[in-house]
Amino acid sequence: MNAIILAAGLGTRLLPETENIPKGMVKLFDKSLIEMQIDIFKKCGIDDISIVRGYLAEKINFPSITYFKNENFSTTAGNESVYCAKQKLNDTIICYADLIFDISIIKKMIDFNGDVGITVKSDWKPRYVGRTLHPISEADNVLFDESGKIIEVRKNIQKPNSNVGEFLGIMRLSSKCSSLFLKRFSELKESHAGTFHNSPSLKQSILNDMIQELIDLGINVEPVMISEKWLEIDTPQDLDTARKVFANINPTELNI
């Protein structure tokens, strides 16, 4: 098993923090977000770690890490970054670089034995109270049918009386579905035009869109339900929130 951290984006919403460094290099406590992720993966026995760089790539430089570069980072998004690391996609945990999470979440992903597993939080709405710079309408949602099967993954699912959760930006692909992901994305790069699921184009598509593509192909995408500590650092407001939440906690006592 290996891990791929997607860290190519511009991070414009986190300005001025990202004026001179990529978003994943923003520090909370005395470590960057990426450094905390690397520590967790290694604690879980995952030493084969890759980072897809783009914006200010040279600023991300850790020992014993495999690096790829999304040369088109300013015009593409998450799926293109995954494709840039295609040689490493084989029973892989993929996550965005702007996340802080408890080590137990990665342990759950390691224990997952299906084809595609995505982290999902059911009690997700309270996190958006007062989050004015990243409102609830921008949440990456997951819709379940009556049997508990995931049928839709996209932003801003508003269906009253439906079972809706939030996708937390960490997924695991089995070897079989890693191959399927790459095969399908390669085919789409050759032939697709126009919008792609919930994104304006294939180039600008995010993980949600390829997860939905796999669902539409008949792949069983399963939830890995999460209640542990998890935060997304997308805006200065999120960073302030994280610093307040953990202000009186010794970071060494946290498994993050």
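Would you mind stating whether residue 155 is in contact with a helix residue (DSSP H, G or I) (Cβ under 8 Å, 6 or more places away or on another chain) and either in contact (Cβ under 8 Å) with a residue 12 or more places away in the chain or of a type in the set (Lys, Arg) (or both)?
Taking the combined requirement at face value, the residue satisfies it.
State all residues of the stretch 175-208 that are without any contact (Cβ under 8 Å) to a residue 60 or more places away in the chain and assigned to a loop (DSSP other than H, G, I, E, B); if no residue qualifies, say none.
Once the filter is applied, which keeps residues that are without any contact (Cβ under 8 Å) to a residue 60 or more places away in the chain and assigned to a loop (DSSP other than H, G, I, E, B), the stretch 175-208 yields 192, 193, 194, 195, 197, 198, 200, 201.
Condition test on residue 21, is it assigned to a loop (DSSP other than H, G, I, E, B) and either farther than 20 Å from residue 182 by Cβ or over 17 Å from the mean Cα position of the chain (by Cα) (or both)?
yes
Regarding residue 213, is this residue in contact (Cβ under 8 Å) with a residue 40 or more places away in the chain and not small (Gly, Ala, Ser)?
no
What are the pairs with Cβ atoms under 7 angstrom where one residue, in the stretch 83-107, is among the hydroxyl-bearing types (Ser, Thr, Tyr) and the other, located anywhere, is modelled with pLDDT under 95? Sequence gap at least six, or different chains.
104/228; 104/255
Restricting attention to the stretch 53-66, and to residues there that are free of Cβ contacts under 8 Å to residues at least 24 places away in the same chain and assigned to a loop (DSSP other than H, G, I, E, B), which single residue is surrounded by the most Cβ atoms within 10 Å (Cβ to Cβ)?
Top of the filtered list is 61.
Filtering the stretch 126-152 down to residues that are assigned to a strand (DSSP E or B) and closer than 25 Å to residue 242 by Cβ, which residue is nearest to the chain's Cα centre (by Cα)?
140
Exactly one of (1) surrounded by 15 or more Cβ atoms within 10 Å (Cβ to Cβ); (2) on the phi > 0 side of the Ramachandran plot is unmet by residue 165. Its number?
Evaluating residue 165 over (1) surrounded by 15 or more Cβ atoms within 10 Å (Cβ to Cβ); (2) on the phi > 0 side of the Ramachandran plot leaves (2) as the failure.
Within the stretch 72-102, which residues are aliphatic (A, V, I, L, M) and touching a Lys or Arg at 6+ places or on another chain (Cβ under 6 Å)?
Matches in the stretch 72-102: 93 only.
Give 31, 86, 69, 43 a once-over and let me know the one that is surrounded by fewer than 18 Cβ atoms within 10 Å (Cβ to Cβ), within 18 Å of residue 229 (Cα to Cα), modelled with pLDDT of 95 or more and of a type in the set (Lys, Arg).
It is 43.
Here's a check for you: in the stretch 168-219, which residue that is closer than 20 Å to residue 6 by Cβ and of a type in the set (Asp, Glu) is surrounded by the most Cβ atoms within 10 Å (Cβ to Cβ)?
The qualifying residue surrounded by the most Cβ atoms within 10 Å (Cβ to Cβ) is 209.
Any residue in the stretch 229-256 that's among the small types (Gly, Ala, Ser): show its pairings with residues that are modelled with pLDDT of 90 or more at Cβ separation under 9 Å, as long as the two are six or more apart or on different chains.
Listed by first residue and then by second, the contacts come to 242/100; 242/231; 242/233.
Inside the stretch 21-37, can you point out the residues that are out of contact with any Lys or Arg (no Cβ under 8 Å at 6 or more places or on another chain) and not hydroxyl-bearing (Ser, Thr, Tyr)?
23, 24, 26, 27, 29, 30, 31, 34, 35, 36, 37
The values are calculated or read from the model by the stated rules, or taken from the named source; none is laboratory data. If you're wondering where the values come from, they're calculated on a predicted model, not measured in any experiment. Don't worry about glycine lacking a Cβ; one is built from the backbone with ideal geometry, like all the others, and counts go over all protein chains shown.
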